[in-house]
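Working notes, structure below.
No value in this document is a laboratory result; all are computed from the given coordinates. Worth saying up front: this structure is predicted, and the values here are computed from it rather than measured. Because the Cβ atoms are built from the backbone with ideal geometry, glycine has one as well, and the counts that use them run over all protein chains shown.
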Amino acid sequence: MLGYLVGGLTVASIAIAVLFDYVRLAGRIWRGDTSRMPLIDFGWVVAVTPRTYPSALLCAGAMTGSFALGGIAVALGAITSARWPELILSAGVVMLLTNVVLVPLNWIVEATNRPKFLVSPPYRGQPGSFAAARRRRQRRQAGLPPTDHLVEIIRVRPEPDDDSEPYLVAICADDECGWMEFADDDALDQSEEDRLRAKAARHSTNVVREVKRGP
Ligand SMILES: [Zn+2]
């Protein structure tokens, strides 16, 4: 009995903590502040990006909410013989089943950026992944680099107590892209910046001219 009580409460607390993490960041991400994203993601099952965040929150809410209800029901079942823990468990199962609709809805938002009310406002003008892939293909066929993402060149200075040299890194500012490169060690007759810019030019036509100072 004690095992069910402790196990149920542990599952419920983890689920509530995960849900709290998602809800806490929702307001920021809705306004386009992506400086922090949730610590836990659901891999390929649910797309959790700033653009798809509202629909991901629905899925995460239904998933973690159902685990929380299930955990609470198991814990209560261990200390009472009343029927209502079973009702809580049933509510949890119904909540979990809503994901049959919510997860495909998240995939639709990811692929098409529609319906707009489930897209964070700053990202409503962006293409979904289908349109973005088509655009990349068309750009390649036209002999262009695949994207026009904003790419910044940043000079990173090591910590004061670290005697290694400063180095350059190119980082794509697009929230869903994640492209990032360092200069290659070949073609050393060129400067580090030229070698890195040559790489960045293969990703985007929109590489910032200035070198930004890193942290
Ligand atoms: Zn990019």
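Quick notes
- Scanning residues 5 or more positions from VAL207 or on other chains, those with amide H under 5 Å from its amide H are VAL151, with H placed 1.01 Å from N in the peptide plane.
- Between amide H atoms placed 1.01 Å from N, distances below 5 Å from GLY128 occur with ASN113, all of them 5 or more places distant or on a separate chain.
- Low-density loop cleavage sites - trypsin sites (Lys or Arg not before Pro) in the range 79-141, where at most 16 other Cβ are within 10 Å (DSSP): ARG83, ARG124
- log₁₀ of I(q)/I(0) at q = 0.13 Å⁻¹ - the chain, Debye sum with one point per alpha carbon: -0.87
- C-alpha long axis of helix 84-97 to longest principal axis of the chain, angle in °: 30 degrees
- Other-chain or far-sequence residues with amide H under 5 Å of ASP174's (modelled H): LEU150
- A viscosity of 0.890 mPa s and a temperature of 25 °C, combined with the Kirkwood radius over Cα pairs in Stokes-Einstein, give a translational diffusion coefficient for the range 38-110 of 187 µm²/s.
- Across the range 116-178, Cα-Cα pairs farther apart than 13 Å form 74% of the total.
- The chain - mean residue ellipticity at 222 nm from DSSP helices (-39,500 (n - 2.57) per run, n ≥ 4, rounded to 500): -16500 deg cm²/dmol
- Relative contact order, percent, the chain [alpha-carbon distance under 8 Å, six or more residues apart]: 18 percent
- Taken over the range 91-206, the ratio of Cα radius of gyration to 2.2 N^0.38 Å equals 1.51.
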